[in-house]
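The values are calculated or read from the model by the stated rules, or taken from the named source; none is laboratory data. What you see is a predicted model; the values in this text were computed from it and never measured. Cβ placement follows ideal geometry from the backbone for every residue including glycine, while neighbour counts extend to all protein chains displayed. Calculation scope for accessible area: heavy atoms of the full protein, side chains included, ligands and nucleic acids excluded. Shrake-Rupley method; radii C 1.70, N 1.55, O 1.52, S 1.80 Å.
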Amino acid sequence: SPGPWRSCRGGTGPRPSPAKPRSGVAQAEPMSVWFQVPRMLLLLWLLPLAWPGEGSQRSEPMFTAVTSHVLPPDYDSNPTQLNYGMAVTDVDADGDLEIVVAGYNGPNLVLKYDRARQRLVNLARDERSSPYYALRDRQGNAIGVTACDIDGDGREEIYFLNTNNAFSGLATYTDKLFKLRAGRWEDLLSDEVNRAVASRFAGRSVACVDRAGSGRYAIYIANYANNNLGPHVLLEMDVAASDPARGIVVLTDVAAEAGVNKYTGPGQPGGLSLQGGEGVNGPNFLFHNQGDGSFVDVAAAPVSLDDPYQHGRGVALADFNRDGKVDIVYGNWNGPHRLYLQMSTSGRVRFRDIATPKFSMPSPVRTVLAADFDNNQELEVFFNNIAYRGSSANRLFRIIRREHLDPVIEELNPGEAMEPEGRGTGGVVTDFDGDGLLDLILSHGESMAQPLSVFRGTQGAGNNWLRVIPRTRFGAFARGARVVLFTRRSGAHLRIIDGGSGYLCEMEPVAHFGLGQDEASSLEVTWPDGRVVTRAVSSTETNSVLEIPYPQGAEGQLPPTLLECGQGFSQHENGRCVDRDECAEFPFVCPREKPLCSNTYSGYRCHSNRRCSRGFEPSEDGTACVAQVAFFGGYPSAGSQLWAWRPPSSLLSLGLGLCLHFYAL
């Protein structure tokens with residue numbers, strides 16, 4: 001029926017006569033122009049649905065389930081119980097990574113890959129003689145777990161965030177911090193010297209941070225306060241009072257000293273703290289290290305990460321557009337999910353939400369993961385949902401970099417990792433079998449006991465990869481370190497060694513780089529104390545794991561030979577690969593119609609001289625006018641994108657899209 005189209009055509013009139021067929025050409029009965037025009041308009045109106053920032057779900061499944069033969073449900077290794085957070089660390093110090101699982105109404109698990117049997121097995125078995133027995137801790141009702149070296153002995157301790165069935169405020173059972181002493185894992189918080197600092201509050205998140213760059217980590221606990229009962233805690237070793245060689249580790253709470261003794265919970269602000277946290281109907285926190293180990297919250301304007309009206313859950317850090325800056329993705333509980341790109345305007349750091357409507361679609365989200373599952377150089381984002389009051393499938397997106405433009409966000413098919421009835425509560429990625437492809441492990445619980453699920457990728461088997469493991473000065477995993485990999489054809493890729501992310505989880509302490517058909521040329525590691533190491537990467541090291549020790553010299557280690565930094569970069573006299581300033585090197589590189597040259601990370605861009613109206617300012621590269629406050633508050637923050645200048649062709653599609661939207665209302 002032509003009727004519905006009249007409101008957008010602007011009136012009705014007599015229908016034109018059908019066009020006559022040309023002689024000598026066989027032709028069916030022609031359609032009237034009345035019907036041709038609406039079809040043409042419909043085609044134009046559907047253009048915004050194919051906007052590059054949206055994409056449609058690809059049909060090829062990304063994951064296939066391997067639980068039945070890698071981790072079959074059983075009493076010992078994969079009991080059907082309520083599980084929550086997971087962490088990846090080397091529990092038995094054999095060089096391979098294990099997966100530690102927080103069990104809520106059952107034991108905690110320590111899953112190790114048995115190469116001979118090609119399956120995951122639980123080291124923390126129900127045997128009192130086992131050195132891992134204490135890690136089970138059935139009474140704790142654990143929900144979160146993290147691992148890091150707190151005492152500088154070169155091995156990571158394991159912290160379990162327990163609840164003991166307390167929703168908020170005080171609990172009757174403490175958290176546990178396990179250390180390997182005399183060949184057995186024992187709880188440091190049970191020692192007499194530490195009982196005063198053992199947390200008896202219901203926690204909601206936990207992460208590790210090397211706030212002073214010493215190689216000894218502090219453990220950040222985001223408690224769920226009841227009014228003013230239960231502030232955040234920052235536990236670290238008192239070096240002067242401790243003797244790790246004798247197994248004596250004295251802990252102290254330095255949250256007040258560090259400026260992070262905040263409150264989250266009913267009637268309190270939320271917390272996007274460090275790399276893991278939870279906001280509950282209050283603003284997120286973004287703690288900036290002031291260089292002396294103390295922090296200041298900078299989440300509010302103009303940084304624009306506070307998101308005060310949402311309930312934050314899982315969070316992950318990555319460089320999604322490969323501009324050398326750390327971006328943030330996180331999920332809000334039944335609220336709009338966010339994908340914040342870091343930008344700087346006039347020297348001020350800000351974050352801009354580029355989440356598309358599909359990406360930001362509210363869901364009962366728990367864990368958020370960012371990784372390159374198919375080794376094609378582009379990062380994927382996985383939303384792990386909990387089937388809350390009905391089915392809620394997990395979702396997967398690919399973030400595709402574009403030169404000088406925001407990335408394309410493409411929805412993918414998670415395959416069997418969709419789990420529409422899964423009670424998702426946690427998830428980690430790690431390459432436990434050593435094939436160079438990241439594996440996905442999901443936990444379930446809260447509203448129904450379900451076993452763990454294990455998935456392997458179905459794509460990217462022929463792509464190259466490289467895995468980098470930086471070490472601290474003590475030989476432990478350097479969580480919080482920054483790793484940049486320079487490639488021969490695709491520029492620089494950035495990873496952060498995880499100290500806590502997802503939701504109540506901690507990823508593997510490895511910088512995993514998918515390379516596609518490209519090759520690495522050099523890499524750079526920056527430790528939390530600012531020390532830097534650069535080294536060349538040979539073609540023979542492709543598809544391997546590289547261990548990078550901490551630089552012990554006063555000035556660090558400089559490369560012995562020249563580095564190949566790749567397109568857009570050059571080697572500085574200090575030995576590091578740095579971005580080339582093509583605008584300074586070639587002053588007349590831009591044409592007359594676009595005379596202004598802006599240097600960008602790994603390249604440059606030519607544009608005309610743009611002046612902005614009141615309330616707006618030039619974007620980072622000077623090519624658009626953006627609102628002076630990137631986040632306007634409310635729902636959704638992605639609306640700030642509508643205020644950026646777009647070329648006329650983009651405005652056309654945008655305008656047609658709004659016409660269709662209003663008509664649908």
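Remarks
Residues checked against (1) open to solvent by less than 20 Å² (accessible area, probe 1.4 Å); (2) assigned to a strand (DSSP E or B); (3) in contact with a Lys or Arg (Cβ under 7 Å, 6 or more places away or on another chain); (4) at pLDDT 95 or above:
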{"position": "G85", "(1), (2), (3), (4)": "yes, yes, no, yes"}
{"position": "E127", "(1), (2), (3), (4)": "no, no, no, yes"}
{"position": "F160", "(1), (2), (3), (4)": "yes, yes, yes, yes"}
{"position": "L177", "(1), (2), (3), (4)": "yes, yes, no, yes"}
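- Out of R155, R200, R204, sole residue that is charged (D, E, K, R), within 21 Å of L286 (Cα to Cα) and open to solvent by 20 Å² or more (accessible area, probe 1.4 Å): R204
- T264 vs. criteria more than 28 Å from R138 (Cβ to Cβ), polar (S, T, N, Q) and either at pLDDT 95 or above or open to solvent by less than 20 Å² (accessible area, probe 1.4 Å) (or both): no
- Every condition in (1) surrounded by 20 or more Cβ atoms within 10 Å (Cβ to Cβ); (2) within 15 Å of the chain's Cα centre (by Cα) holds for N385 except the one numbered (2).
- Looking only at region 278-300, and only at residues there that are among the polar types (S, T, N, Q) and assigned to a loop (DSSP other than H, G, I, E, B), the one that is modelled with the lowest pLDDT: N281
- Of everything listed in (1) open to solvent by 10 Å² or more (accessible area, probe 1.4 Å); (2) at pLDDT below 95, the single unmet condition for Y132 is (2).
- The numbered conditions (1) over 18 Å from D372 (Cα atoms); (2) touching a helix residue (DSSP H, G or I) at 6+ places or on another chain (Cβ under 8 Å) are all true for T472 except (2).
- In region 517-537, residue farthest from Q552 (Cα to Cα) [restricted to those that are out of contact with any Pro (no Cβ under 9 Å at 6 or more places or on another chain) and open to solvent by 50 Å² or more (accessible area, probe 1.4 Å)]: Q517
- Odd one out for A256 among (1) more than 28 Å from Q552 (Cβ to Cβ); (2) assigned to a strand (DSSP E or B); (3) modelled with pLDDT of 90 or more: (2)
- Region 231-242, residues that are modelled with pLDDT under 95 and surrounded by fewer than 22 Cβ atoms within 10 Å (Cβ to Cβ): P231
- Whichever residue in region 73-83 is open to solvent by 30 Å² or more (accessible area, probe 1.4 Å) and assigned to a loop (DSSP other than H, G, I, E, B) and, among such residues, is nearest to E446 (Cα to Cα): T80
- Residues (among the basic types (K, R) and open to solvent by 10 Å² or more (accessible area, probe 1.4 Å)) located in region 310-349: R313, R322, K325, R348
- S501 vs. criteria of a type outside the set (D, E, K, R), under 21 Å from A147 (Cα atoms) and open to solvent by less than 40 Å² (accessible area, probe 1.4 Å): yes
- Whether a residue is part of a loop (DSSP other than H, G, I, E, B), among the β-branched types (V, I, T), within 24 Å of L234 (Cα to Cα) and in contact with a Phe, Trp or Tyr (Cβ under 8 Å, 6 or more places away or on another chain) was assessed, and I150 passes this test.
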